[in-house]
Each structure stands twice: as C-alpha cells, then as structure tokens.
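*Asks:* The structure's right below; bear with me while I get my questions together.
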Number of protein chains: 2
Amino acid sequence: MTTEGKVYDIIVIGAGILGLSCAFHLKRNNPGKNILLVDRLSDVGQANTARSNAMFRNTFTSWDNQVLSDTSINFYLEVAKNGIDLGIRKTGYLWVMDERQLSLNERHVQKMIGNGIEIKKYDRADLESALPSLRTRFQDSDQEAKLLKLENVAGAVFGIKCGRLDPDKLSKYYEQQFLTLGGKILFNTNAKSLLLEPNEPLGIEGEPFVWQESRIVGVRLEGAAQSEIRADTVVIATGVWNNEILEPIGIDGHVKAKKRQLFTISARGNKHLSDLIYNSNFNDLKVLPYVILPKSGCYLKALEENNEFWVACEDDLNRPFINTPDPNLENCKAEPSYYEHNVYPILKGYFEEFENSKPSQMWAGLYSYNTLDSIPFVFTESGLIVAGGGSGSGIMKADAMGRIVDAIYRDGEKGEAALYGNVHYPVEKIGFRSRAVQREEWVI
Amino acid sequence: MTTEGKVYDIIVIGAGILGLSCAFHLKRNNPGKNILLVDRLSDVGQANTARSNAMFRNTFTSWDNQVLSDTSINFYLEVAKNGIDLGIRKTGYLWVMDERQLSLNERHVQKMIGNGIEIKKYDRADLESALPSLRTRFQDSDQEAKLLKLENVAGAVFGIKCGRLDPDKLSKYYEQQFLTLGGKILFNTNAKSLLLEPNEPLGIEGEPFVWQESRIVGVRLEGAAQSEIRADTVVIATGVWNNEILEPIGIDGHVKAKKRQLFTISARGNKHLSDLIYNSNFNDLKVLPYVILPKSGCYLKALEENNEFWVACEDDLNRPFINTPDPNLENCKAEPSYYEHNVYPILKGYFEEFENSKPSQMWAGLYSYNTLDSIPFVFTESGLIVAGGGSGSGIMKADAMGRIVDAIYRDGEKGEAALYGNVHYPVEKIGFRSRAVQREEWVI
C-alpha cells in the first residue's frame with residue numbers, strides 16, 4: 001500500500017484500544033472519509049493494551065466514569081451476544097472493605113445505586129458465608145497483621161456488571177470492523193512528530209510565526225517509505241506517549257506515566273489455591289469474582305481457564321512517574337521484590353491459600369494517568385483531537401471515548417456524543433476548556 | 001554554619017521569589033520554628049525570578065487571580081511606602097484591543113469593575129488622543145499589515161494598580177526579613193531528591209512498602225558538606241523544577257516549562273523612541289504605561305531610567321514545552337530570529353518608532369505554566385507542601401502564595417489564609433483535591 005502524496009481526511013495515531021475505537025467510530029460515522037490508523041509496532045494493541053489487567057466495571061464514584069464505562073460495557077456485551085468472542089467473563093467485582101472504608105464509601109454506593117448501577121452489599125456475616133476463605137478478623141496476637149496494619153473486614157460492595165475481557169480480542173474486533181469499513185492501517189510506522197504549518201504559508205524559514213494562524217496538517221514519519229503523511233485532522237491516541245508527540249509543539253499531553261506490575265500465581269498442584277478459584281455464590285460462572293482487598297488496593301483475579309491468579313497492588317507514593325517512556329517499554333520490567341514485599345504480605349494476610357506462593361510470570365506496563373481527576377479527556381487544538389488519561393481504566397471506557405472523538409470530529413466541542421444505547425453525553429465536559437467532572441475516588 | 005544532625009521544623013526548597021515569600025511568612029507566623037531555605041544557586045532570585053519581566057497587575061478574569069495579585073500588590077506598595085525601595089513604578093497596563101477583543105472582554109471588564117478593580121476604558125478617539133503614536137487604523141493598501149492580519153484598534157482597557165517592580169529588590173527584601181527573624185539560608189546546595197520514609201521503619205531494603213504509612217522527612221543533598229537535611233515539613237517552591245524533584249516519588253509537580261524571551265530596544269540616539277517613553281496622559285510618572293498590543297500578546301515596557309524598552313510576545317503553539325529544564329538554564333537562550341520574525345513585525349506595525357530597531361540585549365527564562373487553568377496551586381502530600389504554577393504572573397502573586405503556604409502549614413488544607421489587608425482566602429480552592437477556580441482568560 002502506498003500513501004505517497006495522498007492527503008487523508010483523518011489520521012489516528014496509536015493502535016492501542018483507544019486509537020482503535022476512535023478509528024472504528026470515525027469510519028463508521030464518516031464512511032466517505034479516508035481514515036488511516038498508524039502505529040509504530042507491528043500489530044494492534046501491542047503496547048500497554050496488551051500489558052493491561054483488562055478488567056471492566058461501571059462502579060465509579062464520578063457520574064462521567066459511570067456513563068463512559070457502563071455504555072462501553074453494554075457495547076462489548078452486545079458484541080459478544082452477537083457471537084464475537086471478546087473473552088468476556090462477567091465475574092463481578094468484590095470490593096472488600098474495613099469499617100472505615102465502608103462508612104466513607106456509603107454515599108458513593110448510594111449514588112451509584114441511584115444512578116442505576118447494579119450493586120449488592122454484603123455485611124460481614126454474608127461475606128464470611130459467601131467467601132469462607134477470606135480472613136475477616138485479626139487477633140491482637142497476629143504480629144504480621146499488626147505490622148501490616150490489616151484491619152478487620154466489615155463487609156463488601158459487589159459490582160454485578162463487572163468482570164474481565166480479553167484485550168487482544170477486543171483490539172482485533174475493532175481492527176476487523178475498521179478494515180471492513182474500508183479503513184487503512186500502517187504498522188511499523190513511527191509518527192515521530194506533528195506537522196504544524198501556517199494556513200497561509202510565506203515560505204520563510206521558521207514558520208509558523210506567532211502572528212500566523214496555523215494548524216496541524218499531518219505527521220512526520222520515521223522508518224517508513226515516505227517522510228510524512230498529511231491529513232485534515234489528526235487524532236492523538238498514543239497513551240503514555242501523548243506528551244512526547246505534543247510537547248514539542250507546545251501542547252500539554254496531560255498524561256503522567258507510572259509502572260503497573262502484574263504477577264501470575266499458578267494454582268497447579270496446589271489444591272487450596274485451585275479450590276479458591278471456584279465459588280458459586282457470586283456469579284453464574286461459579287468462579288471467584290475479582291477481589292479488591294481493604295489494604296493498598298491489593299487485588300486478585302482468578303483465571304479458571306489457566307488455573308491461575310493474577311495479583312497486584314496499587315502503585316502510589318514512592319513509585320516514580322516516568323517522564324519519557326521508551327518506545328517499546330523495554331525498560332518497563334516487573335520487579336520480583338515488589339511482589340515479595342508489597343503484594344504478597346497483604347495477599348497472604350487475607351487468604352492463607354497464598355502462603356509461600358511465588359509468581360510464575362510477571363510483567364509491567366504503564367498506566368496513563370490524568371492526575372488531575374483520574375477521568376479521561378478529549379480536547380481539540382488547531383487540527384488535532386487528543387484523547388487519553390485512562391488512568392488504569394481505559395479499556396473499559398474505550399468504546400465511549402471513540403464515540404466522543406467522532407462526535408467532536410463531526411460537531412466540535414459544543415455538541416453531544418451518542419454513546420452506545422443512545423446515551424447522550426455533552427463532550428465539552430471532558431475537555432479542558434470547560435472541564436466539568438467530579439474527581440474519581442475509586443481508582444485501583 | 002552547620003546543619004549536621006539537626007532536624008529542622010521546615011525546609012523550603014527554592015529561593016526564588018515564591019520560596020522567599022513562603023520562608024518569610026512561615027517564619028513570621030511561626031517564630032519559634034527552625035526554618036531553613038535551600039537553593040542550588042549562590043544567591044536569592046537568581047533563576048527565573050531574575051529572568052522575569054517582573055510586571056504586576058490585578059486585572060485578571062478569575063476572581064482568585066484578582067485576589068492573589070491585588071493583595072500581593074497592596075503589600076508591595078505598603079513596603080515601598082515604608083521606605084523600602086522595591087523598584088516599583090506604577091505605570092498602569094494599557095490593553096489595546098480590536099473590535100472583537102473589546103467585545104469579547106466586556107464581560108470580564110465589568111466583572112473586574114464589580115470586584116473593585118480600578119479600570120479606565122478608552123474608546124478609539126480617547127486612545128488616539130492619549131497615545132498619538134499608536135497606529136489605530138490600517139489601510140487596505142498596507143500590505144504588511146494585511147499579511148500580519150493586524151486589525152484596527154477599537155479602544156483600550158487601562159489597569160491602574162498595575163506596573164513593574166524590581167525582582168532583585170523584592171527578593172532581597174524577603175531574604176532580609178527572613179534572616180532578621182532568625183531564618184537560615186543555605187546557598188549552593190542542591191536538594192537533589194526527597195527523603196521518603198515509613199513512619200515505623202523496619203530496616204528492610206526497599207522501604208517504604210505500599211502498606212506502610214510513609215512521609216517526606218527531608219532532602220538528599222548534592223554538593224554540600226552533609227548528605228541530607230531532615231525536617232518535619234518540606235516546602236517545594238522550585239518553579240519549573242517541581243516535576244524533577246516530585247516525579248521520582250510519584251507526585252505530579254503540575255508544571256509545564258516554556259521559554260519566555262525578552263528583548264531590549266535601546267532608545268539612545270533615537271529621538272522618536274525616546275519621545276515615546278514619556279507620556280503624561282496615563283500616570284503620575286508621566287511615562288508610557290505597559291502596552292499590550294492586540295496581536296499575539298505582543299507587549300512593550302518603557303524603562304525611562306535606562307532610556308530603553310523591553311519587548312516580547314506570547315509563546316503559544318509551536319513553542320515547545322521543556323520537559324527537563326537544565327539546572328542553570330544554560331540551554332535557555334533567546335533567539336534573535338524570534339525577535340526579527342515574531343516580535344518586530346507586530347511592534348513596528350503599531351508603532352512606527354520601532355522601524356529598524358534591533359535588540360541590544362536579549363535573554364530567556366522559563367514560564368512555569370499550570371496548563372490546566374493558568375492559576376497557581378498549593379497542595380499537600382505526606383509531609384510536603386507544594387506551591388507553583390505562576391504561569392507568567394508568579395511574582396505579582398508571590399506574597400499571597402507565601403501566606404497561603406503558611407496557613408496550610410498551620411491549619412491544613414481546610415482553613416483560610418489571611419492575605420495582606422486581612423482578606424480571607426479559603427486555601428482549599430487552589431489545591432487539587434477540591435480545586436474550585438475559574439480558568440484565567442487573560443494570560444500574557
């Protein structure tokens with residue numbers, strides 16, 4: 001395929017889940033437009049999408065996150081209902097809480113219920129009966145629990161329309177749809193920088209000058225046959241690399257990258273762990289739901305098909321932001337000591353089954369945080385539409401985000417997007433000019 | 001002086017104008033506390049404070065910026081009234097506007113007037129009479145003006161309690177006051193990184209772990225006799241270097257650095273330019289006020305004592321954000337071509353007196369932008385108080401910011417600061433947890 005000399009209507013940079021959703025929804029609603037999706041890797045969803053935990057939930061404290069995730073989840077469920085395997089397992093999310101957390105979160109839970117989010121509340125007795133393995137009370141004599149400051153469990157909040165999916169399958173689904181509609185994809189193509197040109201060029205070195213109206217007209221490439229690709233609109237969906245492509249032309253990419261590590265604990269040959277995977281009290285799948293423990297956002301996810309768990313905990317203070325992430329995440333490695341000293345003690349504190357467990361695999365990716373409010377953003381600037389800020393929950397909102405980017409492409413920042421199920425969303429709310437969102441309080 | 005083994009109550013990092021104001025107000029209101037101010041340079045205000053344009057105004061569109069600047073200016077004026085030379089010249093700000101700008105800004109001007117900000121409005125006839133040199137109308141045949149898209153001038157908004165000051169003198173004033181109260185300063189001392197320690201250390205490699213409560217207990221030094229200094233509270237006022245010190249422990253410094261260039265045009269031997277400096281229609285000093293032109297934020301500032309102008313224009317799109325500014329701003333240089341192609345054409349377009357003018361001096365510093373809303377911030381985090389985000393108007397708000405940092409030190413983020421003149425300000429407003437400010441629209 002050649003793109004030499006051709007001017008596209010839209011280039012989408014980044015074939016992670018966000019860029020894929022943007023490309024698909026743009027092509028779907030603008031079938032006559034030539035749309036090109038560009039990525040520096042050799043396939044879709046190969047960077048942080050592939051490294052993600054790929055959970056989904058609609059249990060957020062902010063209304064915006066609720067709507068973005070709920071409509072996206074509904075779309076994914078509908079796709080699956082139509083026979084496309086997205087690896088969806090609706091296990092539910094079990095947020096185990098101590099007394100203080102339960103009380104602090106009560107108003108959030110009430111708000112969610114008021115907004116129609118399906119939630120079931122467990123008091124301690126219910127929880128002990130539904131999940132007998134969970135240690136809910138710690139003795140004063142338990143030195144380890146004391147050291148870790150593990151609190152007694154007071155209950156749990158169970159999110160029903162929550163679970164996991166397969167990010168590769170979802171990526172492939174969007175890719176297939178986009179290609180079927182006539183979209184084009186260029187892999188192994190590094191959009192190195194943005195072409196900013198004056199609307200009325202004078203041919204003088206150093207243009208555009210401050211007094212010239214200018215706009216982004218395409219991208220400069222690295223490692224491709226042609227040196228640039230031009231387009232009327234450029235969509236930036238490069239995740240943690242947003243800053244890298246936007247800062248050189250003086251636009252804030254509004255993301256902060258932080259390492260997210262995941263550790264696999266195999267249950268093979270360990271009957272206690274194997275047994276923990278199965279539980280008929282929470283979902284139709286009769287498996288353990290995704291469990292978030294009361295300490296340090298420590299969580300465990302059962303994968304019955306592999307007879308294993310994925311476990312991790314939050315990365316907050318003392319874990320550096322990474323200013324300029326390397327292109328292939330080569331330096332982004334999981335640390336065995338992080339499991340040993342951070343995840344393991346908490347995990348074992350609540351579930352004895354994990355005693356002596358060691359990871360069989362581990363990997364790391366990068367969160368793309370919007371540190372301002374942990375809610376994603378879409379904003380425009382002189383020929384650009386920039387999306388990002390998934391903050392650890394990007395995949396579960398990707399469908400809505402793609403629809404918003406498309407709505408902004410067609411109607412600008414003052415319009416509304418029709419999210420899946422014809423839910424109307426005023427797109428200006430998640431821009432930065434008139435941002436009007438509540439800070440998200442439930443970040444894992 | 002030795003600091004070995006000593007634990008300070010407070011360390012303030014950064015002896016620019018913000019750090020100085022913080023140190024002074026903290027010491028003033030907490031006289032019994034041991035307070036240390038640290039800077040890697042050899043004197044106060046040597047980095048971006050010294051490179052600033054050092055103007056002051058209370059004409060902002062956001063109420064918060066109005067209050068922060070107005071009370072700070074009142075304090076500076078009071079200090080000057082008491083016989084301390086701060087180099088204050090109350091010249092006024094003359095915002096020259098085209099028709100569209102005048103109409104767009106009318107609501108902001110009305111709001112300012114409603115808030116008690118002294119403003120005088122000029123229509124075109126008034127302005128032509130008060131400042132005859134200003135070109136207010138462009139002919140269709142004026143090719144240069146057409147190319148530059150210079151619009152006819154429709155009027156001006158004149159801010160009265162506005163002008164310039166000497167940043168060195170203001171820095172020295174705060175330093176002197178701080179020292180007189182018994183504060184200590186360590187120059188040539190690079191606070192390289194923050195000491196983050198668990199509240200209950202276990203002595204295990206890799207602490208603090210995620211399940212440990214931890215806090216900042218001091219700073220690691222580079223190039224000093226001792227290797228670290230410990231303190232109960234660390235105040236970060238390092239301007240564009242906020243990210244550098246905060247990111248390694250996973251805190252967003254919330255600043256974006258961008259180059260700001262200033263060019264000096266000498267009026268020596270140029271009667272037209274010399275004459276332009278003097279004008280008896282705007283202020284008691286009988287000098288030209290600070291003039292902001294309708295195009296690209298181009299401005300000129302007359303310095304009658306040097307028989308010269310300082311000129312510049314805005315640095316928006318196409319001017320890169322600088323991710324990791326070098327410590328001594330060695331790579332931060334003004335570009336002659338920037339004057340020639342960007343500033344000069346606009347300047348000459350409105351004032352013929354600048355025909356053929358070339359800079360006799362030029363220099364560059366860095367703006368420390370809060371790209372979110374262009375309003376400064378103060379927030380706390382585990383033993384830290386972080387201030388910054390001056391966005392090009394830091395000096396004129398520095399006094400209020402110091403008082404806010406002190407109020408937060410004493411009463412936390414839920415309290416109020418008493419700004420100069422006993423103006424009460426709820427400090428939580430400019431934090432990030434419950435930020436409640438309107439985006440500033442008048443950024444130069």
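The values are calculated or read from the model by the stated rules, or taken from the named source; none is laboratory data. Computed from a predicted structure; not experimentally measured. Using ideal geometry, Cβ is built from the backbone for each residue, glycine included, and neighbour counts are taken over all protein chains shown.
*Asks:* Considering only residues that are among the aliphatic types (A, V, I, L, M) and in contact with a Lys or Arg (Cβ under 7 Å, 6 or more places away or on another chain), look in segment A:49-73 and name the one that is farthest from A:Thr91 (Cα to Cα).
*Replies:* Step one: list which residues in segment A:49-73 are among the aliphatic types (A, V, I, L, M), which gives A:50, A:54-55, A:67-68, A:73.
Filter once more, so that each one left must be in contact with a Lys or Arg (Cβ under 7 Å, 6 or more places away or on another chain): A:54-55, A:68, A:73.
Numbers: A:Ala54: 13, A:Met55: 10, A:Leu68: 20, A:Ile73: 13 Å.
The residue in question is A:Leu68.
*Asks:* Would you please name the residue that is farthest from the other protein chains (Cβ to nearest Cβ), looking only at residues in segment B:375-385 that are in a loop (DSSP other than H, G, I, E, B) and at pLDDT 95 or above?
*Replies:* Checked segment B:375-385; the qualifying residue farthest from the other protein chains (Cβ to nearest Cβ) is B:Pro376.
*Asks:* Quick one: would you say B:Tyr278 is under 20 Å from B:Ser133 (Cβ atoms), of a type in the set (Ser, Thr, Tyr) and within 23 Å of the chain's Cα centre (by Cα)?
*Replies:* no
*Asks:* In segment B:208-228, which residues are more than 8 Å from chain A (Cβ to nearest Cβ) and either assigned to a loop (DSSP other than H, G, I, E, B) or hydrophobic (A, V, I, L, M, F, W, C) (or both)?
*Replies:* B:Gln212, B:Ile216, B:Val217, B:Val219, B:Leu221, B:Gly223, B:Ala224, B:Ala225, B:Gln226, B:Ser227
*Asks:* What pairs can you find where one residue is in segment B:164-182 and over 15 Å from B:Asp399 (Cα atoms), the other is in a helix (DSSP H, G or I) and modelled with pLDDT of 95 or more, and their Cβ atoms are less than 9 Å apart, with a gap of 6+ or different chains?
*Replies:* Sorted first by the residue in segment B:164-182, then by its partner, the pairs are B:Leu181/B:Phe24; B:Leu181/B:Lys27; B:Leu181/B:Arg28; B:Gly182/B:Lys27.
*Asks:* Another question, then. Given B:Glu128, B:Glu151, which one is over 26 Å from B:Asp399 (Cα atoms) and not in a loop (DSSP other than H, G, I, E, B)?
*Replies:* Result: B:Glu128 is the single residue among B:Glu128, B:Glu151 that is over 26 Å from B:Asp399 (Cα atoms) and not in a loop (DSSP other than H, G, I, E, B).
*Asks:* Another question about this same structure. Just checking, how many residues over segment B:113-162 are surrounded by fewer than 19 Cβ atoms within 10 Å (Cβ to Cβ) and within 14 Å of chain A (Cβ to nearest Cβ)?
*Replies:* Of the residues in segment B:113-162, 7 are surrounded by fewer than 19 Cβ atoms within 10 Å (Cβ to Cβ) and within 14 Å of chain A (Cβ to nearest Cβ).
*Asks:* Quick check on this structure: which one of B:Gly206, B:Gly155 is touching a helix residue (DSSP H, G or I) at 6+ places or on another chain (Cβ under 8 Å) and modelled with pLDDT of 95 or more?
*Replies:* None of the others qualify; the one that does is B:Gly155.
*Asks:* A further question on this structure: Please work out if B:Lys348 is within 17 Å of B:Ala312 (Cβ to Cβ), surrounded by fewer than 22 Cβ atoms within 10 Å (Cβ to Cβ), within 14 Å of another protein chain (Cβ to nearest Cβ) and more than 19 Å from the chain's Cα centre (by Cα).
*Replies:* The answer is yes for B:Lys348.
*Asks:* Suppose we filter segment A:302-336 for residues that are in contact (Cβ under 8 Å) with a residue 40 or more places away in the chain, within 14 Å of another protein chain (Cβ to nearest Cβ) and out of contact with any Gly (no Cβ under 7 Å at 6 or more places or on another chain); how many remain?
*Replies:* Number satisfying all stated conditions: 8.
*Asks:* Does B:Glu330 satisfy being assigned to a loop (DSSP other than H, G, I, E, B) and closer than 26 Å to B:Gln438 by Cβ?
*Replies:* For B:Glu330, the condition - assigned to a loop (DSSP other than H, G, I, E, B) and closer than 26 Å to B:Gln438 by Cβ - is not met.
*Asks:* State all residues of segment A:244-257 that are within 19 Å of the chain's Cα centre (by Cα) and either at negative phi or part of a strand (DSSP E or B) (or both); if no residue qualifies, say none.
*Replies:* Selection gives A:Gly253, A:Val255, A:Lys256, A:Ala257.
*Asks:* What is the number of the single condition among (1) touching a Phe, Trp or Tyr at 6+ places or on another chain (Cβ under 7 Å); (2) more than 10 Å from chain A (Cβ to nearest Cβ) that B:Asp232 does not meet?
*Replies:* The failed condition is (1).
*Asks:* Exactly one condition in (1) part of a helix (DSSP H, G or I); (2) over 30 Å from A:Arg319 (Cα atoms) is not met by B:Arg260; state its number.
*Replies:* Answer for B:Arg260: the failing condition is (1).
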